[in-house]
Every structure is written in C-alpha cells, then in structure tokens.
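Notes for the one structure printed next.
Every read-out reported here was derived from the displayed coordinates using simple, explicitly stated rules and does not represent laboratory data. Every value quoted in this text rests on a predicted model; they were computed, and no experiment measured them. With ideal geometry, Cβ positions are generated from the backbone for all residues, glycine too; neighbour counts draw on all protein chains shown.
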Amino acid sequence: MPSEAIDPTAVQWQRVSPKYLRLRQLSWGIETVITLLVTGLPLVLRLTGIWPGYPAWLAWGLPVFFAVTLLWRGLLLPRQVRAIGYAERHEDLLLRRGIFFQRTLVVPYGRMQYVDVAVGPLERAFGLCTLKLHTAAPGTNAGLAGLPAEEGARLREHLSARGEAQLAGL
Amino acid sequence: MTAGAAREQGEEPGTGGLDPVEQKEPEWKRVHPVSPLVRGWLALAALAYVAGRNQAESWFAGDGMDLPTGSALFWSVLALGIALLVVAGAFFLSWWFTRYQLSSDSIRVHSGVVVRRQRQARLDRVQAIDIVQPLLARIFGLAELRFEVADAGESAVHLAFLRLPEAHRLRARILEDASGAEAAPDDAARSPGHSGDSGGDAVPGEREVLALSAGRVIASVLLSGTTLLLLLAVAGVAVLTAVTGEAASIAAMVPIIFGFGSAYWGLFSSGFNFRASVSREGIRIRSGLLDTRAQTVPPGRIQALAIRQSPLWRITGWYSISVNVAGYGAGSSSESSARTRLLPAGTPEEVLRMLALVLPDPGTSDPVTTFTAGMSGTGTDAGFTVSPRRALWRSPLAWRRSGFLVTDTALLARRGYFRRSLEVIPHSRTQSLALEQGPLQRWQRLADLVLHSTPGPVSPRVVEMDADTARALLDEQALRARTARRRDLPEQWLRPAGGPQPAPDEPAPAVPSHTVPSHTVSEPAESASAAPVSQEELPHDHR
C-alpha cells in the first residue's frame, strides 16, 4: 500500500481482506436498489398517470440526486477499502482509513480496555469480522472492519495479550 | 401488589441485615431516614399541587364556595390518606432496602425494592468523590456522597443522604484507604480529626489555595459568552423591529429572557463562593450558592485540562480552567459543566497556581513563561511550534496562535484568536492519538493531531500543523505516551512501596519552586533515549 502524507514513516501496512470490498459492494448494491425503488416510485406513479399531481422536478430530481450520490459512493468504494490499513507495531497498533478525509490512529496496547469482535450475517457469509478496540476515550473509535475471521481472532488474542502485558490502568 | 412483592423479598435482606454477629464483617449502614423525603420532595409537591388543584377546582366549580360535606368529604380525605400512606410506604421501603458497607478495600451498596441491586466498587479505583448538598438537604443538615469511577456514566456509588459529618467521615475513610497509605503514625489521629471538625470548613492537613470573591464571580458571569449571545439576540430583535416597523411582542421575548436568566443564574450560583484547597487526598473544590458541592479529586486523576478565555474576558484578563476527570463524564447540563470547572474565572497568576496543583510536574524549567505564552502568546515565543504561513487563509487571525509545545510531561495545544484556549494533556494520560487530514489540508500539506482523552469538556487538538511536523509529533507523542505511563503515579497514590511520593504533603504552591525538583526527576535515561523531547529537533521547515 502506498504511504500517504500523514502516515508514519517505515510502516508496513496490512490490508483488509479483498472480500471486504465485495461485501461493501453487495451492501452498497442493496442500498442502491432500495433507495432507487423508494425514490423512483413517485416517478413511476406520475408517468403512469396514477399520481399526476406530483411535481415533475421532484419526481425526476430526487431519484437522479440519489443515483448520482450512490454512483459516486460506489466508485469510491474500492479506493476506500484499499485505504484501510493496520499495522501492529511493537507497542502500539496503527489504523488508517479514508481517502479525502484521512485519519491515522495510534492506540498503545497498554491503553486498550477491551477488544470487540463482531460478526454480522453478511460478514459471516463472507467469512469476515469486525474488530473494535476500546480505550477509556470515546474519541478513539478504532474499528477495523473486513478482517478474515481467523485473522480477527488472532488479532484479538494478540491484542489482549499485549494489552495485558502492558496494562496501564487509565 | 408492589408491597406484597417487596415483602416476599424483604425477608431475605431483613435477616441478612439483622445478623451482624460476625464482627469481622464491617457493619451495614443505612442512609438517613429523611432521605427519600428530601429526594422525592419534588414528586410530593407535584402530587400535592395536582390533588389540591383538582379539589379546589371542583369546589369552586360548584355555585359559590360550599365545602364538601358528608360522604364527599369522607371519600376525598380517605383517598388523600391512602395516597399519603402509599407514598410513605414506598419511601420507607426504599430507605429500608438501601444499605451500604465500607470495607478496607471496597464499598458496597445494596438497593432496590422489587429489583434488587448489589454494587461493589474498589476504593483504589476512585476517580473523584463529591459531597453535594442540594438546598433542601442543606436545611436538614444532610449531604449526598458520590463516588466516581472511570466509567463516565452516572456515579458508581451514590449515597443520598447522609448526615454531613457522616459524609465527611466516610469520604476521609475512603480516601485514606484508597490512597493505599500504610497506617502512618498520624493516621489514627487524622481520622477522628476529620470527623470531629467536619462541621466547619477547614479540615486539618488542608491548605486553601484560592478563593474567589462574589464580585469576581458576578463580573465573570456578566462578561461571559452568554452576554455575547445576549447582545446578539438584542441586536437581532432590534434589526427585526427596524425592518418590520413594529415592536417585537413581549410574549416572544419572555422565553429568551427566561433562558438567559437561567443561564446567568446557573453560572453564578455554581461558581459562587468558589474555594480550592489541597491536601494529601488531592484537590478539593467547594462552591455553590444554594446547592453546595465539595469535590475531591485525588492526585493523578485529572486526564486533561483546558485554559480558556471567552472574548469579553480579555478586558479583565481572566481565564477559566476545565478538566477531564474520568468519573465525571461529558454531560452537557449546567451541573456537569460546573463539576468539571476547576476555576470559574481567574487571573493568569491564579491559573498558574491551580496548574501547579493539577500538574505538579509541568516538565519545563520555566513554567510561568511557557504557560503565559500558551494562554495569551502568539508565534513561536517560549518554544511553541505554530502553523506554517500557508495556513493563513484558512484561519487568518488564529494561525499564529495555533500551535503546540511539548514539555517533558505534557503536550500543550494552543489555538483560538477570539476564544483563546490552551489544552494540556499529560503524556501519561494520552489514551490514543490520531492524525486527521481533509482534502484541502492535504493539498496544503497541513494536518491536525487529535489526542484522545476520557470523556469531558476537553478534547485536545493541535490544529493546522505542517504535515511533516504533525507526523513527527504523532510518532514522538505515541512514544511519550507509552514511556510516560511507566513512571507515573501509582493508582494508590500514597502507597509507600511504589514510585515517588507526590508533592501535596509538603505544600509548595508557587509554580517555579514546585517544578524545579520534578524537572530533574523526570528525565531518566528512558526519556532521553525514547524521544527527542525538545521541539528544537522538530522540523521547522515551514518558516
């Protein structure tokens, strides 16, 4: 993965599973279909003459607006997923994400209060999981989605062990 | 039905409470019997109001003023009596089933009538202890004790209400045990000293550091940001009147007036009679006009602090200090903002005096210069690193103030031109940190460094830094956060075995004298190897 301007130097980023992109695209597809159905319904009603009173600009504008937004988001997805990275350093975990609004996060192992691993139905189908680190600060917000299940389990064990070894209270 | 369910359950705790035969077990105590009344007076008043109003209305609805007679009177009195009985019963049950026990390492509370709750909190996990006296409780000589741990929700242990001396005694015992002090020879003498003198203000071993006059509080409230808002509102109304040509109706003004009034009143009453003192139990802050509070924050429990100045305060040169304490959380109510205020309004000298308490080791050789530059300075004086010139158009006024300074023990983040603020977060209290960069910032090679602290009014952020500087800072700061924690104060701050004794025992309030010894303490080989601590080594390529 190319190093971005705000990434610490000499960090070997690990990427999340490529399957995560497919998962994101699948959920994006579902979202697109539902949104377009809902926003396109009045247009269909208007065109078929059932609801002629519905203003034309709204009937066309709404679906087009959502279609453009969703298309844009869909185009961004591969890059967004590629921008997610993590690196286990000796004493802290690095997480990065974002293309336009980038964020590089450092969580010292000793500051972790607990580690969550969550698996949703879609994720289970893809064999993925979401890992979340919690420190005493709500701002940490260190979620890492799209890990392969066994990598997630390994990371969880690893992080817990490191956290315990360096436990530092609050 | 409720009573029946309660009685069934009542047997078990009843017997449990009634055999204090085992002398080893510390005794279970109950809160003061009047407590539910004091806590529930609002509900009672509401009930009385509704009942009374209904009655009165039904009386007056009839022709003239005939009072109910015969059966009508009987039934209404009966209903009232039953209602009172039910309320009294509920009060009694809730009182009876709330018990607490203080052992040498933990405090337990059992409560609840139908749903029983047993709670236990470790004493050395205490983040703060508040003794709060709402007005009514004050009249009865009662006080509420709040024991805060770091879950940032509601208080872990919440004893309402105790007699004030009892609350003081409890607080002293908790802090004594929580500090992990081995029964020092003077301990035996101390505890009774606390209890005996608890009615008064001064507790032995406590030294007052700061007291604000009523005039100061009033003036600070009048010059606060609320006034700016008020001026804006008045201007808005004036413009509206001028445009529409008709005077704004009084009715529309009432909520505005009421809102501002309550905002002013909240600031004033919570800041009134503000006094800060220090003892080996930590910092103690007392304040309040009608409702009073005495907060105790043990050493090392302050996670981050912000020194702020609202625009109008520049006339008088005052600053306020807010702190993050893990137990206090991030509520936005006026009460929680009052709890997290370490100094409502103080001169720079007073700010420095308070800083010396919370930050006994600022990690610079000249804290006065450093913090003064942080509070009111601009540019690179005192060693601050500021935004590069190219940040000018993003924040034309503030860019020379946006900056940071790293000392041996803390990071100072300065920003704001109209609303000056200086955020201080000790390295040992940094939970995690992040670099953030938006698209425009990327184009300009700027970045923000965000430091994550526990929930509270302070969220430190170094803004608009040169990207390379920020990246270097992230690396160094992560390192410092790790290493600093290792030589930090132990959780039981007076435990003889661990680390160096904290300062509060030997009172040395003046900032410079405080810091000279600690500076030498805090540069072991570890830190020298760990991080290039001085800012001189950070890139200054933006100049």
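Residues whose amide H lies under 5 Å from that of A:ALA142, counting only those 5 or more places away or on a different chain, are A:LEU133; hydrogens are built 1.01 Å from N in the peptide plane. Whole-Hz Karplus values for the stretch A:86-93 come out as 9, 8, 8, 9, 4, 10, 8, 10 Hz, taken residue by residue from phi with 6.51 cos²θ - 1.76 cosθ + 1.60 and θ = phi - 60°; glycine and proline positions read x.
For B:SER395, what is the net charge nearby, where nearby means another residue's Cβ is under 11 Å from its Cβ and Lys, Arg count +1, Asp, Glu -1?
Working: positive: B:ARG394, B:ARG400, B:ARG401, B:ARG415; negative: B:GLU464.
Combined, the nearby Lys, Arg, Asp and Glu give +3.
The phi-based Karplus calculation (6.51 cos²θ - 1.76 cosθ + 1.60; θ = phi - 60°) puts the 3J(HN,Hα) values of the stretch B:31-38 at 6, 5, x, 6, 3, x, 5, 5 Hz, whole numbers, x for Gly and Pro.
Quick check on the stretch A:85-165: take the gyration tensor over C-alpha atoms, sort the square-rooted eigenvalues as a ≥ b ≥ c, and tell me if it's rounded (a/c under 1.5), prolate or oblate. Don't skip to the answer; put the middle values down first.
Details: a/c = 1.75, a/b = 1.19, b/c = 1.47.
In terms of gyration-tensor shape, oblate.
Counting pairs of alpha carbon atoms under 8 Å apart in space and at least six apart in sequence, what relative contact order in percent does the stretch A:19-80 give?
Relative CO of the stretch A:19-80 lands at 42 percent.
Close amide H contacts of A:TRP51 (hydrogens built in the peptide plane, cut-off under 5 Å, sequence separation of 5 or more or a different chain): A:ARG46. A prolate overall shape is assigned to the stretch B:213-271, the ratio a/c of its alpha-carbon gyration tensor axes (a ≥ b ≥ c) being 1.5 or greater and a/b exceeding b/c.
Determine the relative contact order of chain A: mean sequence separation of Cα pairs under 8 Å and six or more apart, normalised by residue count, in whole percent. Could the numbers behind the result be given before it?
Working: 223 pairs, mean separation 36.0, N = 170.
Relative contact order for chain A comes out at 21 percent.
3J(HN,Hα) along the stretch A:145-155, derived from phi through the Karplus expression 6.51 cos²θ - 1.76 cosθ + 1.60 where θ = phi - 60°, amounts to 9, x, 7, x, 3, 6, 5, x, 5, 4, 5 Hz, with x in place of Gly and Pro. Full extension of the chain between B:ILE139 and B:TRP75 yields a length gain of 19.5 nm, computed as 0.36 nm times the residue separation minus the alpha carbon distance.
What percent do you get for the relative contact order of the stretch A:85-165 when only Cα pairs under 8 Å and 6+ apart count?
Working: 128 pairs, mean separation 20.5, N = 81.
Dividing the mean separation by the residue count of the stretch A:85-165 yields 25 percent.
Near B:ALA128, the amide H atoms lying under 5 Å from its own belong to B:GLU148; only residues 5 or more places off or on other chains count, and H is placed 1.01 Å from N. Legend: calculated FRET efficiency, A:THR9 to A:LEU167, from the Cβ-Cβ distance at R0 = 35 Å, rounded to 0.05, equals 0.75.
Shape of the stretch B:332-379 from its Cα gyration tensor (a ≥ b ≥ c, root eigenvalues): rounded if a/c is under 1.5, otherwise prolate when a/b > b/c, or oblate? In terms of gyration-tensor shape, prolate.
For the stretch A:116-141, backbone nitrogen atoms closer than 14 Å to the point 7 Å from A:LYS19 Cα along Cα-to-C-beta are found at A:119-130.
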